[in-house]
Structure formats: structure tokens, C-alpha cells
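Values quoted throughout were computed directly from the atomic coordinates according to the rules given, and no laboratory measurement underlies them. Predicted model only: the values in this text are computed from it and were never measured. Neighbour counts are summed over all protein chains in view; Cβ atoms, including those assigned to glycine, are modelled from backbone coordinates with ideal geometry.
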Amino acid sequence: MRFILTLLPLPLLAQETLPEIIITASRQEEEASKTAYTAKILSSEDLKNEAVRTLPQAFLTTPGVLVQQTTPGHGSPFIRGFTGRQNLILQDGIRLNNSTWRSGPVQYWNTVDSLGIDRLELVKSQGSVLYGSDAIGGTVNTITKGSGFRDEEGSFYHGSLSYRFDTNSESHLGRVEQRVGEGSKWGILLGASVKEFGDIRDSAIGTMRGTGYSERSYDFKFEYALSDSATLTLAHYDVDQDDILRWHRTTRNPGWTHGRFQAAPGREISHLFWQDRSLSYATIEDIDSPISWIDRWRATFSYQQTDDRNIRVRNETRTESRALETDTYGLNLEAVSSVGSGSFLWGADYYRDEVDSEGFRTDRPNAVINPIADNTSYDSLGLFLQWSHEIGDHFDYSLGARYTHISAKGPGFSISEDDIVFSGRARLSLTDSWSLFGGVSQSFRAPNLDDLTGNAVALNGLQTRGSLDLESEKYLTTELGIRHQTDTLDFSLSGYYTDGDNPIIRVRDQAGDLQTLNGDRSYLYGFETSLRWQIQDDWEFTFAAAWQDGQQRRPRVLGDPVEDDPIHRLHPLQGTVSLKWTHPSERYWISGRLTGADVQDRLSFLGENDTQRIPPQGTPGFLTASLYAGWQARDDLDLTLALENLTDEDYRIHGSGQNQPGFNATVGVTWRW
């Protein structure tokens, strides 16, 4: 288990007594404790004080989330058993999922700069009514930093410079920000981040050569007051990552032995990735609309560019190169209208992907190995409506519906799909501090271009091929939970059951390749709990734990009888416990945290073949301890220190392609002006 020692600056501590506000659950502000969902909110201070390297790592101690890392630059959270394109990631409410995302753990979450985030909001099992396809396991909204001009008076000029050094990998992370503007009138934020990640070291394997990489990112946000309640926002974000190595596939991976657990060594010479992503958007929002029948409204136009390239050197005679360039245009419209004692949230969203794809093999110079079909397009149009109503002071509920039309076109094919989903959620206050919450949410994932036309290699070299004969996968999640909240005690316990129909799966054929098809039914269920207890003014205790299980009915090999197969990469029983002490001056505090996971030996048919990442005997359990510390030395200067994995534990998170770092000391400094 793991200890974390952290120091929070005074302004954050002063905010802890205020109710947490969440936007993602209902697309409008509400108290997190009063939602009918299980949610997790992380601030930029949380990410800084817990020495988070990448966006996926922000959820390492979140119950119900398994943070799989194929390589340090490719992290993919498994949220309630689902990962990659079965979870939805948003940036300022704009979906980042596009039609080229491949199956399984994906690398794309890491293209959001963790240093440019103001707050993260995770809503589990939300369903597809509000955000459309892919919102199955969870919806994550990364809300970026802004100028804060609405809270300023007169001309302002604020900035910050932060730097962090990790001893284990000798990594350097830095960011500079500048805010300028006129209070209540306009504001600009300019930010740039530079990250040089070194090779991580594990106590059993030693230095994992090639696990380091570099990242450059910058962001711009201009905010202008159109009126006292209306704001125009123009923003641009750009992230460039170079030389990310799939370490586990290469001969740099010597294999891993941990007691009776043995993972296979890599066999290939190299497999490098380059990722570039940019997002530009314009938003107009009015939170107090002058239109009599609209309380508030928001409109966003967005444009994204992604460039995903990789070169794979299998041996001296075979090299493969693949590249995807995707332009995504988006339009989001939403509004809230009050009707009696309730309100309607209604709107529409539209996204269009235009994709260029190319690839080659040196041993087959005339072969077409494009990762997906070249010169393709993918359109998604959605209409949604949700009714929310409070009955008295103790009961509130919401009912929602969405219609989505999907169309995909390319050389020689044109496919369309229509989906309708519903949801119903409710919360009942039992007392001033106790409440029940839960409901039923439908979700779906429409087949994307990778499902339809994909041609790639997964696992230990298995060839995967798409199919044009696919239908949307659909899920129904039922959740029930109980929540207790007072000034000194927060407690939550929830259980969920997800039933799947028509899941899009990959099954091995007689030739050993993976074929894409709609599978049989699946189910997944689990329990999650969390506790925060303010023992005294200066002592706080926290605890979180989660467990899950599930089955997918599928043949072991195409044409074989259907069998019950464990859901791929289920997380084991896992939990975390911490104790934090805060000095009466509130300028420094320390926290110790233990984190642990049980053995995970419930392996799927595919997991049994993924031996470079998952030992055939399963993934061993672990227990780590870490310490974090910080100090607000001056009003404009914060210092942090993290001592992670104090016992130099040799361990791997289930499904990952490399071990977690051994002992690591992290030193950080933030200077504000």
C-alpha cells in the first residue's frame, strides 16, 4: 500500500468547506453530492500535489478505475471494466473520441496536457443520452484553465512558472502561464508545457530502456464579456509527442519474473509512435438568457486535427509504417428551459471526421496495409432531451432520451446506423445527511471506421481485420448507491450491473488472425466505496476500494462453441487508505497513503495470449507505500516533495506493458506573480 505526503496551499484549503460543483453529470452546474451518479472530481492542485505525470495517471487511486499503461506514453483507464473507445473523453465539453480509434487500451488520452487542466470530472456509467456514442463505462471532462477575468477588478497581470524533477527516470516537467486582461470585460490565458520523460527503473528489471519520450504543448484562451451574463471564448490547444516506444514488444524487454509469475520477453527491434493533436473552438454561452423561454444556452464550433503515426521494425527484413490524419469538425448546441418546478435540457451535436490513411511494408512493397480505409468520412448527428424535476425537498429525478444517426463512407462502401437510448435517474434524501441514488442508463457505441475497415496488429502480433457487417453495441447499466455527507464525514457505497448486447469483439480464426464481429451477450457488475473522515481540524482519514466481475459469451476460436469468458482486463480487488495532517497555519500538511491490489488471474481468452503484458499465471498483487510533502513557503511560492514506492516494490498494474517505477523522489516548485 502507498503513503502520500502532500502540502496544499492556503487558497485550496480555504475552499474545502465549499460544496463541490460538477458540470458533466447534467451539462449544467450542480452540487456533486446531489447528483444521482457516482462521480470523481480532481483539481489542478490535486494533480500537482500527487505528482501526476499524465492524464490517465490522475485516476490511479480512484475506485473502479484500472489505469493500464501499455507504455508510459500510452495510458488508458479501464472505468468499470471498459476502456478506450468504450469510455468518452471530453475537453471543455467537446468530444475527443473520433472514428479512427482502435479497440482495446488506446494512447489518445495521453494527448491532453495534464499541466493545462483546471479540473477533471469523471462520471461513471452515465449512459449515452447527453453525450452520445462511447459513454459506456465513464465520461471524463477535462476542463482547461482560463483567465478568470470575471473574478478580477480592473487591469490584471498574473502568471506562474512551475518545474518538477523525478529522480527515478530523471524526468523534467515545466510549464509557464500568463494571464492578462480587464476585470469583468476580457481576459487572455497563454500557456506552454515542456516535458522530457526519461527511462523508468524497476527494482526487478532495472532501467527499462526506451520508455522515455518528449512532449511539447501550448494553449491559448481568449474570453470576452458580451454582456454581464454572456461570454465569448476562443481557444486553441496543441500537443506534440515524439518517440514513444512500445517497450514490451521490443528486444529491450527481457521479460519479467516475479515469484511464480513470468511475462514473456519482447521479440521485435522497435515500435515507435508519434502523436500530434490540436483543438480549436469558439463558444458563446449566456447563463442568464434574455429570451423568455430559455434560461441559459451554449453554442460551440470546434475543429480538431490529429496525426497518429508509427513505425514498427519487426526484424531486419520487415518494417511497417502506418499513418492516420483526421480532421474533425464539431458543432454543439444546448439550452435549458424552465417549465413549472422542473426544467428541460435540450440540444443537438454534430461531428464529422475526414480521414486520410496510409501504410507500407518493406517485405511487400505493393501491399496495401492502411490502418483503415483511405479517404473516408464519418458523420454523427445527435438530438437529446432531458427533463429534471424536484418534488419537495427530498426527491428529484431526471428522464432523458437521445436519437443518433451515424453514417460512414469510403471507397466502395456507404453505411448508416440509427440509435435511440433512454435514461432515468433519481435521488431520495432520507435525512439531512443520508441519501439514496441510482437509476437505469442505456448506452451504445456505433461501429467506427476502425471496426468497419481496420487492418492492424494487436496483442502478440495477431492481425486484426474489420468488417462492414456490424451493428452498434448496446448496454444497460443499473446502479444503486447510498451517500452520507456532513462537514466532517463523506461516505459513498454503490453497486452496478451492466448488461451488454451485440458487443463488437475480436475472435481468433483458424489462421490465427482476429476477426471483428458482433458477439453474444455480456454482463459486468461490481461494488465501489469511498470514505473521507475529518477526525479533527488537522487530521483527515480517507479510504476507497472496488471489486468487479463479469463474463462475455464468445467462442475461443471462430466456429467453436460459445463459452463464458471473463471480461478482458478486469481489475482485481483494489483499494487505498490515507491519513493526512494539516498544520494549524494551513501552509503545509503531510499525508501517508497505502495502495494495494490483489492477484488478478481471471484471464480472458485474449489475455491468455497477451503474455508480454500479462503473465500466463495472471498479474501478481502488490502493496506500495509513498509519502508526499509540500510547503507554501510564501504567498507566491509553493514547494512539493514526493517519495513514491518507498520500499522499491517490484509490481505491474494488470494489463500494462511495463512495470511501475521503483522508488522515486519528486521535487516540485511553483512561483506565481
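Observations on the structure shown:
- Sequentially through the range 271-278, phi angles give Karplus couplings (6.51, -1.76, 1.60; θ = phi - 60°) of 7, 9, 10, 10, 10, 10, 8, 10 Hz, Gly and Pro residues having no value and appearing as x.
- Classified by the C-alpha gyration tensor, the range 487-559 has a prolate form. Its axis ratio a/c, with a ≥ b ≥ c, is 1.5 or above, and a/b is larger than b/c.
- Cα-projected label distance for residue 216 with residue 338, points at 7 Å along beta-carbon direction, nm: 5.1
- Taking all Cα pairs closer than 8 Å and separated by 6 or more residues, the relative contact order of the chain comes to 15 percent.
- Cα-based shape type of the range 115-251, given that a ≥ b ≥ c are square roots of the gyration tensor eigenvalues and the cut on a/c is 1.5: oblate
- Remark: the range 11-115 is approximated by an ellipsoid whose semi-axes, taken from the C-alpha gyration tensor as √(5λ), come to 25, 17, 13 Å, largest first.
- Sites residue 288 and residue 381 - FRET efficiency at Förster radius 35 Å, r taken between beta-carbons, to 0.05: 0.75
- The range 254-339: C-alpha pair distances exceeding 23 Å, %: 60
- Scanning residues 5 or more positions from residue 203 or on other chains, those with amide H under 5 Å from its amide H are 662, with H placed 1.01 Å from N in the peptide plane.
- Residues of the range 619-645 with amide N under 17 Å of a point placed 7 Å along Cα→Cβ from residue 673: 634-638
- In this rough spin-label picture, where each label sits 7 Å from Cα along the Cβ direction, the residue 243-residue 501 distance is 5.1 nm.
- Cα-projected label distance for residue 517 with residue 329, points at 7 Å along beta-carbon direction, nm: 3.9
- Computed E for residue 389/residue 487 - FRET, C-beta separation, R0 30 angstrom, nearest 0.05: 0.55
- Working value for the range 197-266: equivalent-ellipsoid semi-axes of 46, 14, 10 Å, each the square root of 5 times a Cα gyration tensor eigenvalue, largest first.
- Length added when fully stretched, residue 315-residue 267, from 0.36 nm per residue minus Cα-Cα: 16.4 nm
- Placed amide H near residue 535: partners under 5 Å, 5+ positions off or other chain: 540, 541
- Cα gyration tensor, the range 110-173 - rounded (a/c under 1.5), prolate or oblate: oblate
- The range 388-429 and the range 481-534: distance between their alpha carbon centers, rounded to Å: 19
- Karplus-derived 3J(HN,Hα) values for the range 77-89, using 6.51 cos²θ - 1.76 cosθ + 1.60 with θ = phi - 60°, are x, 8, 9, 6, x, 10, 9, x, 7, 9, 10, 10, 10 Hz; glycine and proline are entered as x.
- Distance from the range 636-666 to the range 180-258 (C-alpha centre basis), Å: 19
- Each residue of the range 586-593 was assigned a 3J(HN,Hα) from its phi angle through the Karplus expression (A = 6.51, B = -1.76, C = 1.60, θ = phi - 60°), giving 6, 9, 7, 8, 10, 9, x, 9 Hz with x at Gly and Pro.
- Simple rule: put +1 on each Lys or Arg Cβ and -1 on each Asp or Glu Cβ in the range 99-153, find the dipole, and look at 110, 141, 125; the Cα lying farthest toward the positive end is 125.
- Estimated FRET transfer efficiency (residue 405, residue 471; beta-carbon r; R0 22 Å; 0.05): 0.95
- Proxy reagent accessibility, fewest Cβ within 10 Å first, across 585, 388: 585, 388
- Summed side-chain charge close to residue 509 - residues other than residue 509 whose Cβ falls under 12 Å, Lys, Arg +1, Asp, Glu -1: +2
- Residues whose amide H falls under 5 Å from that of residue 556, counting only those 5 or more places apart or on a different chain, are 563, with hydrogens built in the peptide plane.
- Sorting 474, 409, 195 from the fewest to the most surrounding beta carbons within 10 angstrom yields 409, 474, 195.
- Counting every other Cβ atom within 10 Å of each residue's Cβ, 214, 494, 626 order from fewest to most as 214, 494, 626.
- Helix-only CD estimate at 222 nm, as mean residue ellipticity for the chain, using -39500 (n - 2.57) per DSSP H run (n ≥ 4): -500 deg cm²/dmol
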